[in-house]
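Accompanying notes for the structure given below.
The values are calculated or read from the model by the stated rules, or taken from the named source; none is laboratory data. If you're wondering where the values come from, they're calculated on a predicted model, not measured in any experiment. For neighbour counting, all protein chains shown are included, and Cβ atoms are generated from backbone atoms with ideal geometry for every residue, glycine included. Just so you know, the surface numbers come from the protein's heavy atoms only, side chains and all, with ligands and any DNA or RNA stripped out. Shrake-Rupley method; radii C 1.70, N 1.55, O 1.52, S 1.80 Å.
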Amino acid sequence: MDGAKWPRRLVGWSMGVLCTALLTPAMAFQNDLRSDAPDRYEVVKGDTLWDISGHFLDNPWQWPELWEVNTQIANPHLIYPGDIIYLYYRDGQPYLGVERDRDSVVRLSPRVRRLDPREAIPPLPWDIVRNFLDGNRVVAPGEVAGVPYVVAGDDQRIISGAGDRLYVRGEVPLGQRLGLYRPGQRYSDPDTGEFLGLEMETLGEARFLRQEGGITLLEVTSSRQEIRPGDKVLPLESLPVTPQFQPRMAPATSQGQILSVPGGVRFIGRLDVVALDLGRRDGVEPGHVLAAEQLGEIVTDPVTGETLRLPGEEAGLLMVFHTYERVSYALVMQASRSLAVGDRVHAPQETAMMAGLGQRQAP
């Protein structure tokens, strides 16, 4: 366990134990089944797993509880446009089934159908996510030093683009597709100051031509922006054609903050991308859903003159779609209030449990 994250994780851990003691998955599912949940729903092109689960559940992150999930298998049955999702009960508990091709009924078991994944319903609006990932990435702290960089353009060019040649200094990896990047925001843990990673903006792609005396000559094959001396060269990230994960609640230990909104947006709303100070080392994975809490206002105590921050307000839900070791990217799926950098994120279960405990303790 990372010592720097201990205070956050300790709070989440104790809440997670309490949640496990009080609620079973069946109870949580039964309580959050929508009163107007349809008996049948036909999947249409453009649907997401988030949309579909929202037809049946008040809390779409509880999607896995719609299935008979085997926790040893990562992906459930894929869902396709034209499928009919229907609600049924077994031993008094609700489950979902799917009718496919009108002539067969399939229980939504954890078996994975090996069909073209590009046709399957994604968990979230993948076109937005894919466009973002094409233009952004995070480099881990240990990889920042020694990254190859552009020293000059061909024919004394200060600005280069597609078709131009670049002179690069540093160890350029051979035999890989190369990306051109510009360093952006440096991410640090808001509580400890720990360096979490360096955001990189994608400028374009390049191919290797030749190497001589520590200088590598590259040709720019495509460009999104102009390339300048000082820009970095890294192997391109391998990104999936479509995501193979499902919406589900983040671990109860998840406690973090919004680090930034890549692109410089001040007020964050639905379908905006945010960077979080949580990553793989914190147990966060693609598909995990987190609740966002808007920071309370800073006021002055009228009696003592002290500066106080008022309690925060629940403001929305985020779904993580790409993770690094210490940082992750998430998409805002719901927003009842505008969010901002510094707002807190946590497992949705925490809020539900606190509300439930408050009701139990009331006289």
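Considering every residue within the stretch 187-199, establish whether at least one is closer than 30 Å to residue 60 by Cβ, part of a strand (DSSP E or B) and of a type in the set (A, V, I, L, M, F, W, C).
So far as the stretch 187-199 goes, yes, one or more of its residues are closer than 30 Å to residue 60 by Cβ, part of a strand (DSSP E or B) and of a type in the set (A, V, I, L, M, F, W, C).
Could you please find all residues in the stretch 290-309 being within 22 Å of residue 189 (Cβ to Cβ) and either in contact with a Pro (Cβ under 9 Å, 6 or more places away or on another chain) or of a type in the set (D, E, K, R) (or both)?
To start, the set of residues in the stretch 290-309 that are within 22 Å of residue 189 (Cβ to Cβ) comprises 290-296, 298, 309.
Once the filter is applied, which keeps residues that are within 22 Å of residue 189 (Cβ to Cβ) and either in contact with a Pro (Cβ under 9 Å, 6 or more places away or on another chain) or of a type in the set (D, E, K, R) (or both), the stretch 290-309 yields 290, 291, 293, 296, 309.
State which residue is most open to solvent (accessible area, probe 1.4 Å) when the search covers only the stretch 155-182 and only residues that are within 30 Å of residue 277 (Cα to Cα) and modelled with pLDDT of 95 or more.
It comes out as 182.
What number of residues within the stretch 17-50 satisfy the criterion of being in a helix (DSSP H, G or I), more than 10 Å from residue 247 (Cβ to Cβ) and at pLDDT 85 or above? Quick ask: steps written out before the conclusion?
Kept after step one, since they are in a helix (DSSP H, G or I), are these residues of the stretch 17-50: 17-22, 25-32, 49-50.
If we keep only those that are more than 10 Å from residue 247 (Cβ to Cβ) too, we end up with 17-22, 25-32.
Checking the rest, the ones that are also at pLDDT 85 or above come to none.
The number of residues fulfilling the criteria is 0.
Of all residues in the stretch 256-314, how many are open to solvent by 10 Å² or more (accessible area, probe 1.4 Å), within 19 Å of the chain's Cα centre (by Cα) and hydrophobic (A, V, I, L, M, F, W, C)?
6
Being assigned to a strand (DSSP E or B), open to solvent by 10 Å² or more (accessible area, probe 1.4 Å) and closer than 24 Å to residue 140 by Cβ is the filter here; which residues of the stretch 207-225 pass it? Please lay out each step first, then the result.
Within the stretch 207-225, the subset assigned to a strand (DSSP E or B) is 207-212, 215-223.
When the remaining residues are screened for being open to solvent by 10 Å² or more (accessible area, probe 1.4 Å), the result is 207-212, 215, 219, 221-223.
Residue satisfying the conditions is 208 alone.
Go through (1) under 24 Å from residue 129 (Cα atoms); (2) over 26 Å from the mean Cα position of the chain (by Cα) and name the single condition residue 329 misses.
Of everything listed in (1) under 24 Å from residue 129 (Cα atoms); (2) over 26 Å from the mean Cα position of the chain (by Cα), residue 329 misses just condition (2).
For the stretch 58-78, which residues satisfy the criterion of being under 19 Å from residue 122 (Cβ atoms), at pLDDT 55 or above and surrounded by fewer than 22 Cβ atoms within 10 Å (Cβ to Cβ)?
Selection gives 64, 67, 77, 78.
Among residues belonging to the stretch 81-109 that are modelled with pLDDT of 80 or more and outside any strand (DSSP E or B), point out the one that is least open to solvent (accessible area, probe 1.4 Å).
Once the filter is applied, the top-ranked residue is 83.
Name every residue in the stretch 227-244 that is outside any loop (DSSP other than H, G, I, E, B) and of a type in the set (Lys, Arg), in order of residue number. Write out each step before concluding.
To start, the set of residues in the stretch 227-244 that are outside any loop (DSSP other than H, G, I, E, B) comprises 227, 232-235.
232 - this is the single residue of the stretch 227-244 that is outside any loop (DSSP other than H, G, I, E, B) and of a type in the set (Lys, Arg).
Filter the stretch 325-344 for residues that are of a type in the set (A, V, I, L, M), at pLDDT below 95 and assigned to a loop (DSSP other than H, G, I, E, B) and give the result.
Selection gives 340, 341.
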